[in-house]
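Chemist: My questions all concern the structure below.
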Amino acid sequence: MVRREATGAHYGLSDWLMQRITAVVIAAYLVLLLGVLLFTPGMDLAIWKALFSEQIFKLATFVALVSVFLHAWVGMRDIIMDYIRSTALRLALEAAVIVALLFYSGWAIQILWGQR
Amino acid sequence: MKFRIYRYDPDRDAAPRMQDYDVALEPTDKMLLDALMRVKQVDDSVSFRRSCREGVCGSDAMNINGRNGLACITNLKDIKEPVELRPLPGLPVVRDLIVDMSHFFKQYHSIKPYLVDEATPPEKERLQSPADREELDGLYECILCACCSTACPSFWWNPDKFVGPAGLLAAYRFIADSRDQALNERLDNLEDPYRLFRCHTIMNCVDVCPKGLNPSKAIGKIKEIMVRRTV
């Protein structure tokens with residue numbers, strides 16, 4: 001069969017937007033975290049634990065982590081699209097990235113809300 | 001003046017090589033193209049394209065000391081010796097500094113670089129307000145020299161699928177034109193992870209454009225219009 005290159009998958013805009021929006025979320029969370037670290041005098045494990053026992057802080061952290069995973073998905077797919085030529089290998093790697101990011105999401109929930 | 005020039009004739013040479021030249025210049029030789037013509041007098045087998053010799057035709061685009069540019073408007077005073085000249089990167093070499101621009105022009109043609117208006121033409125010309133005309137400034141001046149697209153890593157990796165900065169600048173030139181009636185078709189044609197979204201705003205295109213144009217900005221505007229029609 002003659003290999004013809006086809007384009008026109010009609011997606012891309014939402015991923016591009018998502019990467020930008022998640023970047024803003026990550027930046028906002030980093031500013032928040034930096035603010036907490038700078039403006040909490042005598043930060044120690046007890047204060048840190050108390051901070052992470054607040055539901056709102058856990059949620060904010062979770063949102064930031066999910067943003068990192070979504071951001072990473074777009075970035076990793078871009079790298080794979082640019083450098084991996086074989087469709088089979090590309091699909092396998094993209095699937096591996098998705099599975100890994102889902103795994104990290106579950107792990108994040110476990111860390112934030114799990115029993116210690 | 002000393003030169004190191006990329007030499008390759010696919011019919012005869014097994015591999016490309018760099019050849020050194022040292023040519024005497026005349027006081028009237030101001031631009032790199034003038035010097036290249038002196039080289040040609042010494043060795044007439046050195047091949048390169050040139051036509052208008054004043055930065056309008058875009059024929060003599062080449063990689064000058066690692067940076068794409070037009071030989072005819074590159075001042076000899078501004079370049080370091082030995083001047084290393086290579087063909088535009090990323091395209092197949094036909095001979096020496098001449099590259100096969102098929103992929104580049106195929107991408108340019110794929111964006112339909114002409115006004116689309118199915119309506120019956122008016123008796124006189126299709127009028128445009130001065131403000132609408134101003135929208136095309138910084139877009140229509142492109143001379144298709146390919147300096148930008150061949151400086152773009154995304155174009156190097158996917159020249160068959162990514163439209164490239166020159167093609168996308170031209171695409172926006174028609175998207176921005178108030179007389180064009182095919183806006184949605186044009187956006188549909190570009191909304192693709194390869195055709196448009198391979199651009200990662202590296203901005204090599206802006207850096208090298210000999211006409212001082214800004215393809216990155218045009219690409220940003222295409223994305224902006226897409227966001228407006230989607231969100």
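The values are calculated or read from the model by the stated rules, or taken from the named source; none is laboratory data. Predicted, not measured: the structure shown is a model, and the values here were computed from it. Here Cβ is always computed from backbone atoms with ideal geometry, including for glycine, and neighbour counts include all displayed protein chains.
Okay, residues lined up against (1) of a type in the set (A, V, I, L, M, F, W, C); (2) in contact with a Gly (Cβ under 9 Å, 6 or more places away or on another chain); (3) over 28 Å from residue B:185 (Cα atoms):
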position	(1), (2), (3)
A:7	no, no, no
A:15	no, no, no
A:30	yes, no, yes
A:33	yes, no, yes
A:54	no, no, yes
A:73	yes, no, yes
A:80	yes, no, yes
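Chemist: If you don't mind, there's one more thing I want to ask. Need the failing condition index for residue B:187 against (1) under 22 Å from residue B:145 (Cβ atoms); (2) crowded, with 18+ Cβ neighbours inside 10 Å, just the number.
Modeler: Among (1) under 22 Å from residue B:145 (Cβ atoms); (2) crowded, with 18+ Cβ neighbours inside 10 Å, the lone unmet condition for residue B:187 is (1).
Chemist: If you take the residues of segment B:218-230 that are in contact (Cβ under 8 Å) with a residue 40 or more places away in the chain and under 22 Å from the mean Cα position of the chain (by Cα), which of them is surrounded by the fewest Cβ atoms within 10 Å (Cβ to Cβ)?
Modeler: B:221
Chemist: Looking only at segment A:49-72, decide whether some residue is free of Cβ contacts under 8 Å to residues at least 60 places away in the same chain, surrounded by 12 or more Cβ atoms within 10 Å (Cβ to Cβ) and within 14 Å of chain B (Cβ to nearest Cβ).
Modeler: yes
Chemist: Tell me which of these residue A:23 doesn't satisfy, since it passes every other one: (1) part of a helix (DSSP H, G or I); (2) over 17 Å from the mean Cα position of the chain (by Cα).
Modeler: Condition (2) is where residue A:23 drops out.
Chemist: Please enumerate the residues belonging to segment B:131-168 that are part of a loop (DSSP other than H, G, I, E, B) and among the β-branched types (Val, Ile, Thr).
Modeler: The answer is B:143, B:163.
Chemist: Select the helices (runs of 4 or more DSSP H) contained entirely in segment A:31-115, then report the ones holding at least 2 residues which are under 15 Å from the mean Cα position of the chain (by Cα). Give the steps one after another, and end with the answer.
Modeler: Working: elements: A:45-51, A:55-83, A:87-113.
Where helices (runs of 4 or more DSSP H) fall fully within segment A:31-115 and carry at least 2 residues being under 15 Å from the mean Cα position of the chain (by Cα), they are A:55-83, A:87-113.
Chemist: Still on this structure, please answer the following. Sort through B:177, B:137 and tell me the only one that's modelled with pLDDT of 95 or more, surrounded by fewer than 18 Cβ atoms within 10 Å (Cβ to Cβ) and away from every other protein chain (no Cβ under 14 Å).
Modeler: Working: B:177 fails: surrounded by fewer than 18 Cβ atoms within 10 Å (Cβ to Cβ).
Only one candidate passes the filter, namely B:137.
Chemist: Something else: Any idea which of B:220, B:164 is touching a His at 6+ places or on another chain (Cβ under 9 Å) and modelled with pLDDT of 95 or more?
Modeler: Just one listed residue meets the conditions, B:164.
Chemist: For residues that are under 12 Å from residue B:227 (Cβ atoms) and either surrounded by fewer than 12 Cβ atoms within 10 Å (Cβ to Cβ) or of a type in the set (Lys, Arg) (or both), tally how many sit in segment A:8-20.
Modeler: So the answer is 1.
Chemist: What number of residues in segment B:140-154 are over 14 Å from residue B:91 (Cβ atoms), crowded, with 19+ Cβ neighbours inside 10 Å and touching a residue at least 60 places away in the same chain (Cβ under 8 Å)?
Modeler: The total comes to 2.
Chemist: As an exercise: evaluate residue A:5 against (1) within 14 Å of chain B (Cβ to nearest Cβ); (2) part of a helix (DSSP H, G or I); (3) loosely packed, with under 13 Cβ neighbours inside 10 Å and give the number of the one condition it does not meet.
Modeler: (2)
Chemist: Of all the residues that make up segment A:1-49, how many are of a type outside the set (Lys, Arg) and closer than 21 Å to residue A:111 by Cα?
Modeler: Residues of segment A:1-49 of a type outside the set (Lys, Arg): A:1-2, A:5-19, A:21-48.
Applying the additional criterion that residues be closer than 21 Å to residue A:111 by Cα yields A:25-26, A:29-30, A:32-34, A:36-37, A:43-48.
Within segment A:1-49, residues that are of a type outside the set (Lys, Arg) and closer than 21 Å to residue A:111 by Cα number 15.
Chemist: On to the next question. Is it fair to say residue B:216 is under 21 Å from residue A:74 (Cα atoms), polar (S, T, N, Q) and either more than 14 Å from every other protein chain (Cβ to nearest Cβ) or outside any loop (DSSP other than H, G, I, E, B) (or both)?
Modeler: Details: under 21 Å from residue A:74 (Cα atoms): yes; polar (S, T, N, Q): yes; either more than 14 Å from every other protein chain (Cβ to nearest Cβ) or outside any loop (DSSP other than H, G, I, E, B) (or both): yes.
When the stated conditions are applied, residue B:216 passes them.
Chemist: Let me ask you something else. Only one residue in A:78, A:15 is acidic (Asp, Glu), in contact (Cβ under 8 Å) with a residue 40 or more places away in the chain and within 14 Å of chain B (Cβ to nearest Cβ), so which one is that? Explain how you work it out, then say what you get.
Modeler: Values: A:78 fails: in contact (Cβ under 8 Å) with a residue 40 or more places away in the chain.
Exactly one residue qualifies, and that residue is A:15.
Chemist: In segment B:120-153, what residues are hydroxyl-bearing (Ser, Thr, Tyr) and within 30 Å of residue B:68 (Cβ to Cβ)?
Modeler: B:140, B:149, B:150
Chemist: Quick one: in segment B:155-174, of everything that is in contact with an Asp or Glu (Cβ under 7 Å, 6 or more places away or on another chain) and either facing chain A (nearest Cβ under 9 Å) or farther than 27 Å from residue B:99 by Cβ (or both), which residue is surrounded by the most Cβ atoms within 10 Å (Cβ to Cβ)?
Modeler: Top of the filtered list is B:161.
Chemist: Let me ask you something else. If you go through segment B:182-213, how many residues are outside any helix (DSSP H, G or I) and either free of Cβ contacts under 8 Å to residues at least 40 places away in the same chain or within 13 Å of another protein chain (Cβ to nearest Cβ) (or both)? So that I can check it myself, show each step before the final result.
Modeler: Step one: list which residues in segment B:182-213 are outside any helix (DSSP H, G or I), which gives B:182, B:191-203, B:209-213.
With the extra rule that they be either free of Cβ contacts under 8 Å to residues at least 40 places away in the same chain or within 13 Å of another protein chain (Cβ to nearest Cβ) (or both), the set shrinks to B:191-203, B:212.
Final tally of qualifying residues: 14.
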